[in-house]
There are 2 protein chains.
Amino acid sequence: MSYKTVSKKLTVEKLSDKGVKSCESQALVAQPEKCSPAGSFDVNSSTADEQVAESFIRQAMEIIVDEAVKKATNVQEKVCEWHSPEQLKKLLDLELRDGGEAESEILQRCRDAIRYSVKTSHPRFFNQLYAGMEPYSMVASFIAEAVKTNLYTYEVAPVFTLMEDAVLRKMIKVIGWEEGGDGIFNPGGSLSNMYAVNLARYRYCPDFKEVGMFSAPRLVILTSQECHYSISKGAALMGIGTKNVYTVPTDERGRMIPSALEEKIMLAKSEGAVPFMVNATAGTTVLGAFDPIDEIADICEKHNLWLHVDACWGGAAIMSKKHKHLLKGIHRVDSVAWNPHKMLMASLQCSAFLVRDKTSLLQHCHSARASYLFQQDKFYDVSYDTGDKSVQCSRKPDAFKFWLMWKALGSRELEQRVDRALTMARYLAEEIKKREGFRLVLEPEYANVCFWYLPPSMRNLPESPELWKKLHTVAPVVKQRMMKKGSMMVGYQPLGEKANFFRMVVISPQVSRQDLDFVLDEIHNLGKDL
Amino acid sequence: MSYKTVSKKLTVEKLSDKGVKSCESQALVAQPEKCSPAGSFDVNSSTADEQVAESFIRQAMEIIVDEAVKKATNVQEKVCEWHSPEQLKKLLDLELRDGGEAESEILQRCRDAIRYSVKTSHPRFFNQLYAGMEPYSMVASFIAEAVKTNLYTYEVAPVFTLMEDAVLRKMIKVIGWEEGGDGIFNPGGSLSNMYAVNLARYRYCPDFKEVGMFSAPRLVILTSQECHYSISKGAALMGIGTKNVYTVPTDERGRMIPSALEEKIMLAKSEGAVPFMVNATAGTTVLGAFDPIDEIADICEKHNLWLHVDACWGGAAIMSKKHKHLLKGIHRVDSVAWNPHKMLMASLQCSAFLVRDKTSLLQHCHSARASYLFQQDKFYDVSYDTGDKSVQCSRKPDAFKFWLMWKALGSRELEQRVDRALTMARYLAEEIKKREGFRLVLEPEYANVCFWYLPPSMRNLPESPELWKKLHTVAPVVKQRMMKKGSMMVGYQPLGEKANFFRMVVISPQVSRQDLDFVLDEIHNLGKDL
């Protein structure tokens, strides 16, 4: 007997048989309407069978542990079982029908969903800026799902409201904002970067919130050419326009050139436009480059510009005494986006937006004061109702995932994770330099190791546009072969003038030197005939 | 032995001892830098102990089933255990420290996080527009968390990409867009409504994406005065401005008055502004009112305006043959926001944005074509890489929660859930009319039952501003008392000129008539001395 069928077995009793009276005129009723006759559903008891539900959940949890935890992290298993979209559609039987399915079928669908998904916690998954299995954060995410709540108010989310506050305060402390600040967790770093744009714009001119930008001077955002695409997406969404994102050239390592920034600021001003914010990137997506925050902060101070740091990827370095120098100057900036779901391995999503302001800018910029949620006549301190700081209404308690993990590991273990990941990246870079046919794109500064693989047929060709053209086709073929084999997943991309190259990102403590050696061996095996 | 401490017991081997060579000049290396000496971390083997992790996850799962499923849905238990923010901070020991905690401590923290959270799946939780425990969707959310992936590309999320597509197609079919459409799941209905604004603006003038709105005519959005606040938040975020959201008066039941809409459109035009979209609400937040879509669609056609329907709350009615008339005309609109996480009980969050357009407007409006994710030289059909339709980068596979639930229940059971919920609301309204001291604000059209409770001391007072002023103070006190007792949770709010009233929303199939009777009895018990 499944959960869903219980209702059908219960006595159906018509409300109309119970003598529910027809509508009566009520003094305070705005508009008494004709009553529709009550339906024919059981109202006398629950139509949900909790025991059946509980049994289903327990069985599904077994499947999750077996398939999505044990098997998914087992290096002997495949990272992915590749099927084309057409094949997979058939395997999954996606159609949604009028009738439901039996419990056993649904449990099989759970198994299949896991089976055909990419195993991002597998030690040979290096395809994105997240990887690995983090048990504390995973459990926290299960609890958040089971408890099923949103972070509007203290009333409905007391635990998670306080935890978000505690995590934000700690992150602010780590950043070094001695006088404190404010913040909020968002569904992804893109939104955090957009929050920065919106706050910077609001500080420049609070009136835009009410009147829009129709008679505003042309606003300009400055960011490096290597920045994340969310800056452009945000500019488009927010009515600023992608062309008003001025890209600042980077040096050969992908870092913003401060003098070039100042030139672009002057250029915008000379055009009659208003530069209002600079986005510096701490850990660019592809190369892992860190813009020089301190020098950029000098320029922003001089020109009175909001300085935001997109540290979604590189923010983790601040946990490490050894590597925090990469973020030197971050204590001076106005806002920071930092995703603990990347290098620190919190469950997806876990993205913090932090702001140094202490004047409730976040609240003023975003609030709409909905009276059905943010009543001011509550019996507790409503400053704990933080929902109106958000542009969302429903908002998940993502901070809890980071909180529980931090409690379990302590700052020291988080630091060690970062240090080990960068040590592994260093090892990989050295290994690449030793191996024939592998060439680093550049020395890694962070966890990104970018390299080309040259099959034997290309190794003795002279450096020429033809070689690069040929080389450009290698990574896509190697990628296709690794996916179809399921042996590992490594990303590739072109960058500017550079032909397609692989980008390896080491994160998980489960990754060993053998896995990195395997990646290089496997790339060679998969691509040596090209 | 806990997961986190394993690394400390492994042999630490310095890379430098392994004879890693110093940097060599590489022909293709952009800038060979001085190598930093490798760190002192174990690189030879995983520093994660999967067995310890697995054991921890299993123990935590037991806690989740016991506390967040069984106990949380037990009507004999409290809905919430109230503590003030100050008390709860002490109980939770929120501080994040340098050292980590033992497994047993972390498991206790899991228990505490559940214990002090509000039990939104309890049959006496009626505080928001979501409630109840949905086992299939809950399990799907656990799987999504365990599998840990983002919906950028088919490559990294093959299963969930296809499932999202299947769910969107089915929803589009249910809406009645016979020629199909497009869509995307978003983190909450607010963002879905913002997508509508952005698409409507893009259709009006695609150039805004590039050049911004600095030289644009003043754009105006039209929406009812009862609409969700996300329309205003979106207007602020998107540079349109809250003052350019023109609110259209509603009738006594909270429904937009079509003739008033047309007047506002003419007003905007007479001011030289450009109305470009109308937001109709299907199921307003407080009253549960449905704007007359068909009549509004006529007006939008006449004036060539984008018509969006915010059906986040009321969209579920379309699953019911009996109640779908509430959404009559929805097949004519341009876009719809519909949150299966509300009435249909999918796990939070599960919010769909649907658009009737077939010209890839969603893609054109939002895309940034990041070359590191959306490579065009992949070996499969990259039209399955749907991530660039989003303003997010990381995006959760929320559609899976709805898909699995729909598979398990079938359309028929979803229909019955809606029908039963509205039957229960009808029962409650009738009961309120029968009981002394209770007065409906209006006859419910949907699942929202809005009412005042008058303590005996106020029942014989003449209708006057003084009575309303007194009555306004009743709901907050009753709410405080129910929270402190933990017996139930029901929301209240003022609305326009109306004094604070309770808003009950019946959703969960676990709710019985006894629960509704209890709510009314308990309100009386808690408030009779006022």
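Since every read-out is calculated from the coordinates, none of them should be taken as a lab result. What you are looking at is a predicted structure, and each value in this text was computed from that prediction instead of being measured. For neighbour counting, all protein chains shown are included, and Cβ atoms are generated from backbone atoms with ideal geometry for every residue, glycine included.
Figures for the structure shown
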{"read-out": "Chain B Cβ-axis minimum, rotational copy A, residue and distance in Å", "value": "B:Gly239, 1"}
{"read-out": "Given charges at beta-carbon only (K, R positive; D, E negative), |dipole| of the protein assembly as shown in Debye", "value": "260 debye"}
{"read-out": "Inter-copy separations for B:Glu95, label at 7 Å along Cα-Cβ, nm, ascending", "value": "6.2"}
{"read-out": "Charge dipole of the stretch A:298-456 about the Cα centre (unit charges at C-beta), most positive-ward option of A:Val441, A:Ala337, A:Gln375", "value": "A:Val441"}
{"read-out": "The stretch A:219-300 shape via C-alpha gyration tensor axes, a/c threshold 1.5", "value": "oblate"}
{"read-out": "Across the identical copies, how the B:Pro462 labels are spaced - nm, sorted shortest first, 7 Å along Cα→Cβ", "value": "10.7"}
{"read-out": "The stretch A:218-250 versus the stretch A:51-76: alpha-carbon centroid distance in Å", "value": "44 Å"}
{"read-out": "Cα gyration tensor shape for chain A, rounded if a/c is under 1.5, else prolate or oblate", "value": "oblate"}
{"read-out": "Folded to 0 to 90 degrees: helix A:474-485 orientation relative to chain A principal axis, Cα", "value": "40 degrees"}
{"read-out": "Given charges at beta-carbon only (K, R positive; D, E negative), |dipole| of the stretch B:160-235 in Debye", "value": "180 debye"}
{"read-out": "Modelled FRET efficiency - R0 45 Å, A:Arg435 with A:Asn74, Cβ distances, 0.05 increments", "value": "0.95"}
{"read-out": "Karplus-derived 3J(HN,Hα), 6.51/-1.76/1.60, for each residue of the stretch A:405-414, Hz, glycine and proline x", "value": "5, 5, 4, 6, 9, x, 4, 4, 5, 4"}
{"read-out": "Folded to 0 to 90 degrees: helix B:258-270 orientation relative to chain B principal axis, Cα", "value": "70 degrees"}
{"read-out": "The stretch B:65-213: Lys pairs at Cα distance under 15 angstrom, eight or more positions apart or on different chains", "value": "4"}
{"read-out": "Alpha-carbon centroids, the stretch A:115-142 and the stretch B:275-304: separation in whole Å", "value": "43 Å"}
{"read-out": "Degrees separating the helix A:50-63 axis from the principal Cα axis of chain A, which is the longest one", "value": "10 degrees"}
{"read-out": "Fully extended contour minus Cα-Cα distance, from A:Lys302 to A:Asp521, at 0.36 nm per residue", "value": "73.7 nm"}
{"read-out": "Lys, Arg +1 and Asp, Glu -1 on Cβ, resulting dipole of the stretch B:140-277 about Cα centre, debye, nearest 20", "value": "240 debye"}
{"read-out": "Projected label distance in nm at B:Lys528 and A:Glu95, using a 7 Å step from Cα toward the beta-carbon", "value": "5.9 nm"}
{"read-out": "Prolate/oblate/rounded label for the stretch A:108-192 (Cα gyration tensor, a/c 1.5)", "value": "oblate"}
{"read-out": "Residues A:Gln376 and B:Gln87, FRET efficiency given R0 of 25 Å [Cβ-Cβ distance, rounded to 0.05]", "value": "0.70"}
{"read-out": "Radius 12 Å from Cβ of A:Gly486, net charge of other residues (Lys, Arg +1; Asp, Glu -1)", "value": "+4"}
{"read-out": "Karplus 3J(HN,Hα) series, Hz, for the stretch B:76-89 with 6.51 cos²θ - 1.76 cosθ + 1.60 (x for Gly, Pro)", "value": "6, 8, 6, 6, 8, 10, 6, 9, 5, x, 5, 5, 5, 4"}
{"read-out": "Long-range amide H partners of A:Ser121 with built H, under 5 Å", "value": "A:Gly132"}
{"read-out": "Summed side-chain charge close to B:Val278 - residues other than B:Val278 whose Cβ falls under 15 Å, Lys, Arg +1, Asp, Glu -1", "value": "-2"}
{"read-out": "Under 20 Å from the Cα of B:Lys470 - lysines, other chains or at least 8 residues apart", "value": "A:Lys378, B:Lys479, B:Lys498, B:Lys528"}
{"read-out": "Stretchable slack from B:Glu210 to B:Arg58, in nm (0.36 nm times residue separation minus alpha-carbon distance)", "value": "49.6 nm"}
